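Reading through the structure tokens given below for one structure.
Just so it is clear, none of the values below were taken in a lab; they were calculated from the coordinates. Since the model is a prediction, treat every value here as computed from it, not as a measurement. Please note: Cβ atoms are built from the backbone with ideal geometry, for glycine as well, and neighbour counts cover all protein chains shown.
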Amino acid sequence: MDFSLTEERRMLADSLRGTLKRGADWSQLAELGVLGALFTEDEGGFGGGGFDIAVVFEELGRAGSTAPILDAGLAGGLLADCCETALVERVIDGTTRPAFAHDEPGNRYDATVRSRASGDTINGAKSMVVSAEVANLLVVSAQDQDGLSLFAVEPGAKGVSLRTVPALSGGQVSEITFDNAPARRIGPSTGAARLIEYRLAAATLALCADALGTMETVKEMTLDYLRTRKQFGRPIGSFQALQHRMADLVIEIEQARSAVINLAGHLGAQPEQRALHVSATKNIVGRTAHLVAEESIQLHGGIAMTESYALGPLARRLIAVDHRFGDEDWHMERFIALRTAS
Amino acid sequence: MDFSLTEERRMLADSLRGTLKRGADWSQLAELGVLGALFTEDEGGFGGGGFDIAVVFEELGRAGSTAPILDAGLAGGLLADCCETALVERVIDGTTRPAFAHDEPGNRYDATVRSRASGDTINGAKSMVVSAEVANLLVVSAQDQDGLSLFAVEPGAKGVSLRTVPALSGGQVSEITFDNAPARRIGPSTGAARLIEYRLAAATLALCADALGTMETVKEMTLDYLRTRKQFGRPIGSFQALQHRMADLVIEIEQARSAVINLAGHLGAQPEQRALHVSATKNIVGRTAHLVAEESIQLHGGIAMTESYALGPLARRLIAVDHRFGDEDWHMERFIALRTAS
Amino acid sequence: MDLSYSAEDIAFRDEVRRFLRDKLPPELAQKVRSHTLLSKDNFERWHAILNERGWLAGNWPKAFGGAEWNAVQRHIFEEECALADAPRIIPFGLHMLGPVLMKFGTKAQQDHYLPRILDGTDWWCQGYSEPEAGSDLASLRTTAVRDGDHYVVNGQKTWTTLGQYANKIFCLVRTDSNVKPQAGISFLLIDMDTPGVEIRPIVLIDGTHEVNEVFLTDVRVPVENLVGEENQGWTIAKYLLTHERTNIAGVGFATAGLAALKRIARAERAGGRPLAENPHFAARIARVEMDLMAMATTNLRVIAAAAAGAAPGVESSMLKIKGTQIRQAINDLTRRAVGPWAMAFPSEAVEGTNLSHPGPDYAGPAAPVYLNYRKISIYGGSNEIQRGIIAKTMLGL
Amino acid sequence: MDLSYSAEDIAFRDEVRRFLRDKLPPELAQKVRSHTLLSKDNFERWHAILNERGWLAGNWPKAFGGAEWNAVQRHIFEEECALADAPRIIPFGLHMLGPVLMKFGTKAQQDHYLPRILDGTDWWCQGYSEPEAGSDLASLRTTAVRDGDHYVVNGQKTWTTLGQYANKIFCLVRTDSNVKPQAGISFLLIDMDTPGVEIRPIVLIDGTHEVNEVFLTDVRVPVENLVGEENQGWTIAKYLLTHERTNIAGVGFATAGLAALKRIARAERAGGRPLAENPHFAARIARVEMDLMAMATTNLRVIAAAAAGAAPGVESSMLKIKGTQIRQAINDLTRRAVGPWAMAFPSEAVEGTNLSHPGPDYAGPAAPVYLNYRKISIYGGSNEIQRGIIAKTMLGL
């Protein structure tokens, strides 16, 4: 039992934190090896384990970075599963920025894929594809003669249209329609669902670790404000009612940290065991992120409501956690179903 | 719209409060007209409306009285519905103390009656009959050739056996078995279920008003303690964290009061409308009673854990609310079902 | 006890309903329903419609052109307006300055200003809060120094709601720094066109521009613009806080919000059935609905007491807290209800343009409204301040 | 990072499991499982079994007859004992006084008292709390006045857990009233047989007699019974609070409690199916189970840090709060799970006799245990005190 980071991971976290503080963009992050850390050695990277993912995304969340690393890791992981070695290499060196188009409109958190591919073309509509606007490669799920399969699609190709708006989490989301768009089938003829399950579990871990980092920043920001803002002649942090609420908040953040560790430690477990931890962790992190967003705004008071203060985008990022990869209730139901089955 | 009590009700409440403070027993309460207040003029009383019930039981709860008024009112109401005029008269003057044996073991909060009557005898088992031990008449639900029917049974008769233990709420509860016990069929040949529905709604109002009164006493007791108990050289009520929790508590108690008013005002409404308010009120009062019990203990600290301090029996009385006539979740499900149907 | 309205009250309610059905412009209701920020014209149009009917100033005495409603009638009017998605009445002139002028103003001030509030000549905004004085008004720093027939005002006000539409602002200013903080405050009326008044927008985290900062630099204000005595400002501010907080529980808004939430929950599909039938989501809705049923009665109890002449007291603190909890809970459930659609956030705050939201019509406002309404537990005396008031004045702690 | 136990740890866990399977008397486990208060004999029997195996004093150095386990091993032992429904180890001698004597006691005290703790000759109880000094130990009033070779002790102690089984009590007493409150406190060992020591039961609201009041009237205590220096008591008390709070999160108890809750929820039928399948009750269980999974890891993180030599700090406050919240939530759900059966309360507190509970075996303890465990968020430094510690020492507020 050992809860300390390996020397390599600690070094990566430290240099990542420093680089992000100076405001790193995509290519600087790629250069630093952030993407490499998300892939195993076999895949061409130097990490790929649960704790590699947790370390990288906690730092990205802490810095509030909107670089599309999560989506590149998710889509890139599928490319790796499909043995697209050359593409993965370009993802790791930052040349290719892929995104994964999977969810479809009106499905809520149940990803039922109705998009269809036949021959070299694809038709269908994808929904809420994060970072698609800045991607230069789309990995797309669709049904073909083999069932659920994966395809590589050029976002600039004829028949692909994106409608992009800003995202609650920061960055951008797109609705995408494919109208006889050229598509290249990738990967094995069966088992795409299994690949997607694992990569979504890893992406959920990434999102939860990102939220954890964001919560740490929000906590520090709120503590700073409590220590310095004065009302009635004294720092508001000297008021006991606020102290106790802040204490409760940090206890919940520690619970969220433990939940992230649990999922990181079970990412490589058997699918059922992994799924149980995905749902427990996403439920707890979703709950905690929501609590931290609301309490940090309330403890700040009015200034937190203004866009010019730095808390707003972070609070939105925390609220957005619950709207991606399944919300609190969705994961609770899944947890109950898994426990009942086991 | 008028939220003030009528002059008669206010006078009853005042004299009841005074009498209870001096420690009134059953016969004194009967003499004071407490039972009469639970019956309409047609039935031989002088009240019987929702607010009559609310006023009486708030005072009984405030005083922590364990006199079996609720059960006498519930069973006596059924006797009135069955036109047992002479018996109702004796209930009102305090000579007869009836209790209603309805719930059966293992049914949880769904009262499925399996006891059977044929001819002049009854067989079956009843569960958690409050105040049966001190009753001198049992009103019993059982199936006979007409379906669900009501019966009068002498608790001392051959074939009736009681197993009595103290109740969490104060008073006593009994398991009762009927083994060819003599029973007298009362009331009409159909419609017993409808009678029981109404009287249980009235009894739920009584229980909720009782809880409201108990909460008021617990609130006062806790405030007294906060004002006088010193720690770290000052009254603990001067600590802001405790002040804010106490403020939240009184807000919730006001919500519970409004919920009781809602049910009292809709007791005579159409069955569906009444049921909606029964469930909304029981849910809120159950939730609030639970919160008040736990917070009052925590705000007191250690002394609240001791039986020699007066809070314990009141806290148990509040916890017991959720275990009678359906708990928080049971009523929430019923509320959802009623809303969906309407 | 009688939970139902009197025959007169019901007749009044029906009259209000008829009026709203006939006179509320559908395009305004549609904007309110879709949570679109109304233009100045929109508000003025609605005010004019109400004024024509004599219902703009429900709380004013008839002598001043008001409807002189009692608390129950005011409640009925507010609730019906909320349920009909009518625009809200801008309270600064009608519910705040008006009553202050009636109580503390000179005859000349009343004659000049009150009609201009009714006919829409003046749009007032409020200059109370300052960057360093949020919940703690006693620490305000804006100064007014007497110079002949004028006060010279310097300082900064913030959270000035819809100040961008206003031509007038009423301000609390410090006129004496040598007394204890509450004693040296005065209540001053300022024309926004006066040189030295500068207004700057504050964008909120949902991307809306509702509130502003107002900078006051050597602003010369005629002494006749003082309301009440010099240094009487604290008394006036307290009068406003305790006597003119109408509709504090927001029952009508909550009721309308709950109905909208239920519509969304029936429209959204989760696991092959309407979200409304998911037991966990149904439980979340049921809990807030039961709470609202109780709060509506708490609210009526307070209103009935006020109509019977009781002075409003600590009850408004209790209604403020429970009211904001319930409204925020409904906003939170609405955000949850729209599911992944909430990921799209086409906000001016982020983009500066007005992209339309993907997904169904109801999806767009869910997250922004949720974010915007975090403010209601902060402004008007934060819920923490209210808890302190309850503990001290009601509980004696 | 590695969430799994080392091979050595797993071997140790298996050894503990084997030991519990072979040596834990089933009748004791049954009493623990059914929440029956154990007799003095029961506890002594289990202590003797553990002592025979050398596992009674897991935290003591081997030199003193302990097992000298590290934090991970201690955690494994505690968790396995809880899961097997083993009686708890009475902590007053083993986890509290023992370590104090090792750190502050004289060689003579160590040689005399430590073996008697292990072999069961002495049953110690704790004399810390007083009626006027609950969370605020500095205000304690029991005095010890030097008189030749003795201290003369006068005062009252309370919340003395299982004092009715004890022959010895260690007390905090005031030896100097002229210094600041913390400075004048000493740590004294007192024989319960000394004239002037009187013990009276306190019955708790679940009807159990676990705790006591201890009255001390002119009790003459030999000066050699002083531990450490005179007026060093505060240091000793703080040492105990920060260094010897093992198993503060109670993960093992919570895990055993959750398993019992699930068994009840499968056995109870609600609306024609097991209560466990009711979505609302399933959600309540799921939420606490997910919380417990996270807390178990928080606990292991703290334990791993302690095993690696880190000084225990504010983490114990966090574990205390979350641990009590989760255990109380489980007790609360167990109470809910038994439904109407909880109405029966055949308690000594009420009746003075031991009537048996109607209904299934699991129903009887649900409400009393729920009530009894309200204490865990109060004693050992209430959760409010813990929040204060977190705010001050960790957050710098």
Quiz item: Which whole number gives the average, over all residues in C:291-303, of C-beta atoms from other chains lying within 10 Å of the residue C-beta?
Solution: 6
Quiz item: Could you give the angle, 0 to 90 degrees to the nearest 10, between helix C:315-337's Cα long axis and the longest principal axis of the Cα atoms of chain C?
Solution: 40 degrees
Exercise. Convert 10 °C to kelvin, take the viscosity as 1.306 mPa s, use the Kirkwood radius over C-alpha pairs of chain B as Rh, and evaluate the Stokes-Einstein diffusion coefficient in µm²/s, rounded to a whole number.
Key: 77 µm²/s
Quiz prompt | Volume per residue that the Cα convex hull of region A:119-160 spans, once the total is divided by residue count, Å³ | solution = 76 Å³
Quiz prompt | Peptide A:1-8, shielding by other chains (average Cβ, 10 Å cutoff) | solution = 5
Practice problem: For the protein assembly as shown, build the charge dipole from Cβ charges (+1 Lys, Arg; -1 Asp, Glu) around the Cα centre, then report which of C:GLY396, C:HIS47, C:ALA82 sits farthest towards its positive end. | Solution: C:GLY396
Quiz item: If chain D were replaced by its equivalent ellipsoid, with semi-axes equal to the square roots of 5 times the Cα gyration tensor eigenvalues, what would those be, largest first, whole Å?
Solution: 36, 25, 22
Quiz item: To the nearest 20 debye, what is the magnitude of the charge dipole of the protein assembly as shown about its Cα centre, counting +1 on the Cβ of each Lys and Arg and -1 on the Cβ of each Asp and Glu?
Solution: 380 debye
Quiz prompt | Evaluated at q = 0.16 Å⁻¹: base-10 log I(q)/I(0), Debye formula over Cα of region B:127-258 | solution = -0.91
Exercise. Kindly give the semi-axes, whole Å and largest first, of the ellipsoid equivalent to region B:1-146, taking each as the square root of 5 times a Cα gyration tensor eigenvalue.
Key: 30, 16, 15
Self-check item: Residue among D:VAL173, D:LEU188, D:VAL214 farthest towards the positive dipole end of region D:124-231, charges placed on Cβ
Solution: D:VAL173
Practice problem: Give, in whole angstrom and from largest to smallest, the semi-axes √(5λ) of the equivalent ellipsoid of region D:146-188, with λ running over the eigenvalues of the Cα gyration tensor. | Solution: 23, 14, 8
Quiz item: Can you give the helix-only mean residue ellipticity at 222 nm for the protein assembly as shown, where every DSSP H stretch with n ≥ 4 adds -39500 (n - 2.57) and the sum goes over all residues, rounded to the nearest 500 deg cm²/dmol?
Solution: -15500 deg cm²/dmol
Exercise. With a 10 Å radius around each residue's Cβ, average the other Cβ atoms per peptide and rank A:27-36, D:283-292, highest first.
Key: D:283-292, A:27-36
Quiz prompt | Residue-averaged beta-carbon neighbours from other chains (10 angstrom radius) around C:204-213 | solution = 3
Self-check item: When the convex hull of its Cα atoms is projected in every direction, mean area for region D:249-395 (nm²)
Solution: 10.5 nm²
Exercise. Give the peptides D:255-266, D:74-85, B:256-267 in descending order of average Cβ contacts within 10 Å, highest first.
Key: B:256-267, D:74-85, D:255-266
Practice problem: Please work out the ratio of the alpha-carbon Rg of region B:7-92 to 2.2 N^0.38 Å and round it to two decimals. | Solution: 1.00
Practice problem: Please tell me the relative contact order of region D:48-167 in percent, rounded to the nearest whole number, where contacts are Cα pairs under 8 Å and at least six residues apart. | Solution: 19 percent
Quiz prompt | Charge dipole magnitude, Cβ of K and R +1, D and E -1 - chain B, Cα centre, debye nearest 20 | solution = 860 debye
Quiz item: Relative contact order for chain C: what is it in percent, counting Cα pairs under 8 Å that are at least 6 residues apart?
Solution: 13 percent
Exercise. Could you grab the Rg to Rh ratio for region A:261-342? Cα atoms only, Kirkwood for Rh.
Key: 1.12
Practice problem: Taking the Cα centre of chain D as origin, work out the dipole magnitude from +1 charges on Lys and Arg Cβ and -1 charges on Asp and Glu Cβ, in debye rounded to 20. | Solution: 1200 debye
Quiz item: How big is the C-alpha Rg of the protein assembly as shown next to the rule-of-thumb value 2.2 N^0.38 Å, as a ratio?
Solution: 0.99
Practice problem: Compute the relative contact order of region A:98-188 as a whole-number percentage, counting only Cα pairs closer than 8 Å that sit 6 or more residues apart in sequence. | Solution: 32 percent
Exercise. Over 21 Å between C-alpha atoms is what I'm after, so list which of C:LYS238/C:LYS320; B:LYS282/C:LYS322; D:LYS107/D:LYS168; C:LYS31/C:LYS168; A:LYS230/C:LYS180 land there.
Key: C:LYS31/C:LYS168
Exercise. Among C:THR235, D:PHE253, C:VAL32, flag the residue with its Cα farthest along the positive direction of the charge dipole of the protein assembly as shown, charges on Cβ as +1 for Lys/Arg and -1 for Asp/Glu.
Key: C:THR235
Quiz item: If all Cα-Cα distances of region D:87-240 are sorted into 5 Å bins from 0 onward, what percent lands in each bin, rounded to whole numbers?
Solution: 2, 10, 20, 23, 23, 15, 6, 2, 0, 0
Quiz item: Once the Cα atoms of helix D:233-243 and of chain D are each reduced to a long axis, what angle between those two axes, in degrees from 0 to 90 to the nearest 10, is obtained?
Solution: 30 degrees
Self-check item: With 5 Å bins from 0: P(r) over region B:98-188, alpha-carbon pairs, percent
Solution: 3, 16, 28, 27, 17, 7, 2, 0
Quiz item: Using a ≥ b ≥ c from the Cα gyration tensor of region C:76-152 (square roots of the eigenvalues), is it rounded, prolate or oblate, where a/c under 1.5 gives rounded and otherwise the larger of a/b and b/c decides, a/b for prolate?
Solution: oblate
Exercise. Relative to the longest principal axis of the C-alpha atoms of chain A, give the angle of the C-alpha long axis of helix A:240-266, reported between 0 and 90° and rounded to the nearest 10°.
Key: 30 degrees
